[in-house]
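So the structure is just underneath, and the comments pick up after that.
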Amino acid sequence: MDTHLHYNPPKEFRNIFEPEAIQSPITGRHHGFAIRTLDLIGLTAEDKQHLINLYDAEIRYFDHSFGMIISNLKKIGIIRQHNHYFYV
């Protein structure tokens, strides 16, 4: 679970941002570029949007997963109601 490259969120999260798959060579497994440099490597607007969708889906997946961790820690009493501190 990481919001950095590689962007490989589960399909249910990809579908939130891209309900119909964009046909693109971009897989989310590329290294060494930033969104601002995508024009320099010759990607189309559709390719860039696909990468942004993968990124957004990865963040949504991370948020969902982290929320599940916090919820479970609350259930077992490790986190107090207001999330201000952990018990040891």
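Details
- Order of E20, E12 under a 10 Å beta carbon neighbour criterion, fewest first: E20, E12
- Cβ-to-Cβ counts within 10 Å put F62, F13 in ascending order as F62, F13, the fewest first.
Taken together, the values in this text are just the output of simple stated rules run on the coordinates, not laboratory data. What you see is a predicted model; the values in this text were computed from it and never measured. Positions of Cβ are generated from backbone atoms using ideal geometry, with glycine treated the same way; all protein chains shown enter the neighbour counts.
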